[in-house]
Amino acid sequence: MTTRAYDVAIVGGGLVGAAIAFGLRGLGAKLALLDEGDVAHRAARGNFGLIWVQGKGRPEGEYRSAQREGRPVSLPPYAAWTQRSAREWPRLAALLREETGIDVALRQHGGLHVCLSPDELAARAQRLTQWAAQAGNEAGVDVLDRAGVAARLPGLGPDVAGGTFCAQDGDCNPLRLLRALHAGVAHAGGAVLAGHAVTRIEPAPGRFVLRTAHGTVECGRVVLAAGLGTAKLAPMVGIAMPVAPNKGQVLVLERVRPFLPLPLETLRQTDDGTVLIGDAQQERGLDDTLDPAVLAAMAARAARVFPFLRDVRVVRAWAALRVMSPDGFPVYAHSSAHPGAYAAACHSGVTLAAAHALALAPAFAADAWPAAMQPFSPERFDVRAIA
Amino acid sequence: MFARLPDDAATDVAITIDGEPFAARAGDTVAAALLAAGRRVFRAAPATGAPRGPYCLMGVCFECMVTVDGRPDQQACMLAVAPGMRIETGRGVRAVGADAGTPP
Amino acid sequence: MTTLDVAIVGAGPAGLAAATLCAERGLSTSLYDEHGGPGGQIYRGITTASRARAEFLGEDYWRGATLVPPFERSGARYVPGATVWALARRADGTFGVSQSAGPPTARYATTVEARAVILATGAQERPFPIPGWTLPGVLAAGGAQLLLKTSSLVPRGRVVLAGSGPLLWLLAAQYLRAGVAIAAFLDTTPRGRLAQAAPLAPGFMLSPYLAKGLDLVRFVRRRARVVEYVTALAVEGKDAAEAVRFRHGSHEETLPADLVLLHQGVVPDVQLAGAAGCALAWNDVQACFAPVVDVWGGTSVPGLYVAGDGAGIAGAEAAEARGRLTGLAVANALGRIAGTARDAGAQRHRRELAQALRGRAFLDALYRPADAFRMPHGDTVACRCEEVSAATILQLARDGCAGPNQMKAYTRCGMGPCQGRFCGLTVTELMAQAQRRRPADVGALRARFPVKPVTLGELASLPVGEDALRAVVRSPD
């Protein structure tokens, strides 16, 4: 097979890689977006679709197992980064619509986290109030009692005690987002190469040689955004990327007429009319099988929020693997050993899509690594960079 | 569109279809009863609202969904008729919550 | 909770035969059936159908009646009206079989545990994606035959049968015997197929099965207009079928029709097997996916078996033999019988299977549907649930879409309640065509649990353990 050469290769066609590739389009560099085959651990296809601000970067961290294992880490720059992405989202959606004709169904008029007992509400209120007071936090949060939630949502079940509301929250259609990002890259002349799972990266003077399932690709710069696969690939260019899978599960209900004006953190109605119920965090390695008992627990909770959904049918469910760093926050890195190699990994590919396309991508094209990215370096973990 | 063979000996089962009384037969599925009553259109397709009727009649295609005794989206080909059953056809995407029960 | 020895899904010939054998060998056996009575699709209504129907339903149908009494005597538990919607293999090798049962007003879900699972989910109609196939009044011929079996319903008015395969000829003969007029029988079997198929089964050419089949064809030809070598087919109408337009040779014709019955063979129902993680393989002769199984029906998932047409189309008699073979394998695997007893017992069923398979290669070759009727183009609907056209799929495939599952994410094809049962094969073959790849390399749509819809309330009725609750409740403690 022939070797194909590009200025920049982005490894990983999920939401993170595709957003970065989209952000790099039109900068004059010849681009390739290398994607895996049809069956992959593809978080991008398992996404829930929230653009979520409330609580992001909160003091006690957001990664439950990190909390349990006594590694609560705060990363206030993450809150600011998330909020920046939320602010940039309308611009991303407009660019995608202009360049691809695809409407990603962006809505940003607030989102709710609903609590099902007074204790849950009290704990939530305390944490979110603290979060809102963090230095540099520009997003406000309203703690609502039951009446406050009822004013925004129809047909609440008796267990709903209240909730928290953040006006910056929203959602989009994540499947159309992925399709639009890919289409945007292709439309701008980038090569979107399916079936090109990268198995090995060989740094060479001034370039990188990528061995893929479908031949060899050479590039001047390489951006690793292959989700869980980045953990293995990044050390080949001298970057430590300690990410691990965290299993989430999503239920999909049949189409119903629009009833839900706002997304909830664990339940939203898509623009197609289907209802997604998403929740659960489990560490089960690469096992992405469904657990009916977990689905039942999710169903029971959703039915307590909206009892009228009890006789609506679940048409599909899936498990997908989140890409989790040890503290749950994103990791962005550049290689000192092999200049021109970069890596990005995170679990909030939808929320951060605008930041990745419009703020992070330019960093990969720049000559110097911006200081603003330093808080997200893997050096914050107790790992030795593998050179 | 369909007729009973004249020697069919099954007993009658009284049901209503969109409010009209109809004599189905013991052993009928809801889909069979509707077809025997001359119905071809069972529902509206969710994306475009185009009229749809049963296709496979063996529980696979989900084209034959109707409202039975007030419960929407029942697979007509998988449900046996019962005395007094109320069947409504022609519904599209269902409403839930405060809007449930409002006509499409 | 007690653990069953074996849970069997589907009460057609394979499921009934397997369940009977397992229970007779002393295994605690439950047979879950979506329908209200045993028989599956092929023998639907076998315990209730009127003997007055005997004459035109034919002796092959009544064969099904012989399966029920031994099953009832065997001690196997029969669970009618039960939809199995998920199957999880646990770390200890047992299975959780999640299913819903109960009357329509009060259905509830349970998860039963079983040491082995046999899927006998049978066949479904092959998709027949032609223009207008979503119009009311267009039905699958197999479905129309069920109306005859269970409700004594026959067409009234202008009926056209179109497609290919033994079932279509049988249905035409059954209608004609019942005195129903057929406006036309449009045979889509491509020209030259008989010459291709005949050498594949020299023995079969002399068998009584073929003679019986030919009699049927001759009977239909004498009493109805049969148009051969139809190469294009479309149903026309505004809100329902009004006419059929078709091409044969260079001639195009339109016939008025209120009812159009389509059929081009059946394909394995692989949803449950695929969702449970069984490896699937493309069968190029039958143009469909089927689970990879060994000679006992064992799949790539240890302890999970597929018997009957669900493991590849071979017909009802073969299904019965395959059900017994799988039953023997499970009885052996669970320690009820020795390997020698299994092999000795299997001999008879292997002979029966070989006998039943004699004409299979011939029928597969003769009735492999023409490309044009498997791979549509233009506005023709590929995915009925989400109304996705062939053109949309072809375009995205040409643009480099990675495979059917990416296609599903891009277009929603296969995301409706049927979960790709009526578009999966079409999507795979369309992508193969557009990308010049083999269907085996393109792959299949991955089915997801629940493979049949369950209500949120039913799902919520499943028992939830501490672990599951901890995984879900958002607020950390």
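Some observations on this one:
- Its residues counted as N, chain C yields a C-alpha radius of gyration over 2.2 N^0.38 Å of 0.99.
- Taking label points 7 Å from Cα along the Cα-to-Cβ direction, A:Glu98 and C:Ala211 give a separation of 7.9 nm.
- Share antiparallel - DSSP beta bridges, segment A:111-167, percent rounded to 5: 100
- Heavy atoms of A:Leu358 accessible to a 1.4 Å probe, total area in Å² rounded to 10: 30
- Chain B - Cys residues lacking any other Cys C-beta under 4.7 Å: B:Cys64, B:Cys77
- Note on A:Arg284 and C:Ala106: with the Förster distance fixed at 25 Å, the Cβ-Cβ geometry gives a FRET efficiency of about 0.15.
- Spin-label model distance (nm) - A:Ala372 vs C:Ala391, 7 Å beyond Cα toward Cβ: 4.4
- Quarter the surface of the alpha carbon convex hull of segment A:244-324 and you get the mean projected area, 5.4 square nanometres.
- Taking only the Cα atoms of chain A, the ratio Rg/Rh comes out at 0.97, with Rh defined as the Kirkwood radius.
- Using the rule -39500 (n - 2.57) for each DSSP H run of four or more residues, divided by the residues of the protein assembly as shown, the 222 nm mean residue ellipticity is -8000 deg cm²/dmol.
- Computing FRET efficiency as 1/(1 + (r/R0)^6) for A:Glu138 and C:Asp399, where r is the C-beta to C-beta distance and R0 is 30 Å, gives about 0.15.
- Kirkwood analysis of segment C:1-112, using all unique Cα-Cα pairs, places the hydrodynamic radius at 15.0 Å.
- Local electrostatic count, B:Ala36, Cβ distance below 15 Å [Lys/Arg +1, Asp/Glu -1]: 0
- Note: chain B, Cα convex hull, 100 Å³ per residue.
- Of the residues in segment C:386-410, those shielded by at least 50 Å² of accessible area once partner protein chains are present, compared with the chain alone at a 1.4 Å probe, are C:Glu387, C:Ala402, C:Asn405, C:Gln406, C:Ala409, C:Tyr410.
- The long axis of helix C:208-223 is offset from the longest Cα principal axis of chain C by roughly 40 degrees.
- Spin-label pair A:Lys30/C:Ala91, simplified geometry with 7 Å Cα→Cβ offset, distance in nm: 5.1
- In this structure, the pairs whose alpha-carbon distance is over 28 Å, taken from C:Lys149/C:Lys238; C:Lys149/C:Lys212; C:Lys149/C:Lys452; A:Lys56/A:Lys247, are C:Lys149/C:Lys238.
- With DNA, RNA and ligands ignored, accessible area of A:Thr266 (1.4 Å probe; Å², nearest 10): 40
- Within-13-Å neighbourhood charge of A:Val237 [Cβ basis; K, R +1; D, E -1]: +3
- Net charge contributed by nearby residues that have their C-beta within less than 12 Å of C:Gly39 (K/R +1, D/E -1): +1
- For chain C, DSSP calls about 55 percent of its internal beta bridges antiparallel.
- Ranking by accessible area, most exposed first, for C:Lys149, C:Lys238 with a 1.4 Å probe: C:Lys238, C:Lys149
- Cα gyration tensor shape for segment A:111-167, rounded if a/c is under 1.5, else prolate or oblate: oblate
- Per residue, the Cα convex hull of segment C:346-423 amounts to 145 Å³.
- Descending semi-axes in Å of segment C:225-279, equivalent ellipsoid built from Cα gyration tensor: 33, 16, 9
- Computed extension gain for C:Gln355 through C:Arg63, at 0.36 nm per residue and net of the alpha carbon distance, reaches 103.5 nm.
- Coil-residue trypsin sites (Lys or Arg not before Pro) of segment C:387-472, DSSP, other Cβ within 10 Å capped at 13: C:Arg436
- Calculated P(r) of segment B:36-84 - Cα pairs past 18 Å, %: 27
- Per-atom-type breakdown for the protein assembly as shown gives carbon and sulfur 53% of the accessible area (1.4 Å probe, protein chains only).
- A loss of 30 Å² or more of accessible area (1.4 Å probe, protein heavy atoms, ligands and nucleic acids excluded) relative to the isolated chain is seen in these residues of segment B:1-50: B:Met1, B:Phe2, B:Ala3, B:Arg4, B:Leu5, B:Asp7, B:Asp8, B:Ala32, B:Arg40, B:Pro46, B:Ala47.
- Compactness relative to 2.2 N^0.38 Å, alpha carbon Rg of segment C:324-367: 1.51
- Where segment A:244-324 is the region considered: accessible area per residue in Å², 1.4 Å probe: 25
- Gyration tensor (alpha-carbon) shape descriptor, segment C:161-236, a/c threshold 1.5: oblate
- Intensity falloff of segment A:148-258 expressed as log10 I(q)/I(0), Debye formula with alpha-carbon point scatterers, at q = 0.13 Å⁻¹: -0.79
- Taking chain C as a whole, the Cys residues whose C-beta sits 4.7 Å or farther from every other Cys C-beta are C:Cys22, C:Cys278, C:Cys288, C:Cys385, C:Cys401, C:Cys418.
- Taking every DSSP beta bridge that has both ends in chain A, the antiparallel portion is near 70%.
- Computed with a 1.4 angstrom probe on protein heavy atoms, the A-C interface buries about 4200 square angstrom of accessible area in total.
- Principal-axis analysis of the Cα atoms of chain C puts helix C:316-333 at an angle of about 20° to the longest axis.
- Interface residues, segment A:105-144 - accessible area loss of 10 Å² or more versus chain alone, probe 1.4 Å: A:His113, A:Glu120, A:Arg127
- Translational D in µm²/s for the protein assembly as shown (Stokes-Einstein at 20 °C, 1.002 mPa s, Kirkwood Rh from C-alpha pairs): 72
- Heavy-atom accessible surface that C and B bury in contact, both chains counted, 1.4 Å, Å² to 100: 3700
- Residues of segment C:363-392 with amide N under 19 Å of the 7 Å Cα→Cβ point at C:Glu236: C:377-381
The values are calculated or read from the model by the stated rules, or taken from the named source; none is laboratory data. None of the values given here were measured: they were computed from a predicted structure. All Cβ positions, even for glycine, are placed from backbone atoms using ideal geometry, and neighbour counts span all protein chains on display. Side chains included, ligands, DNA and RNA excluded: accessible areas come from the protein's heavy atoms. Shrake-Rupley method; radii C 1.70, N 1.55, O 1.52, S 1.80 Å.
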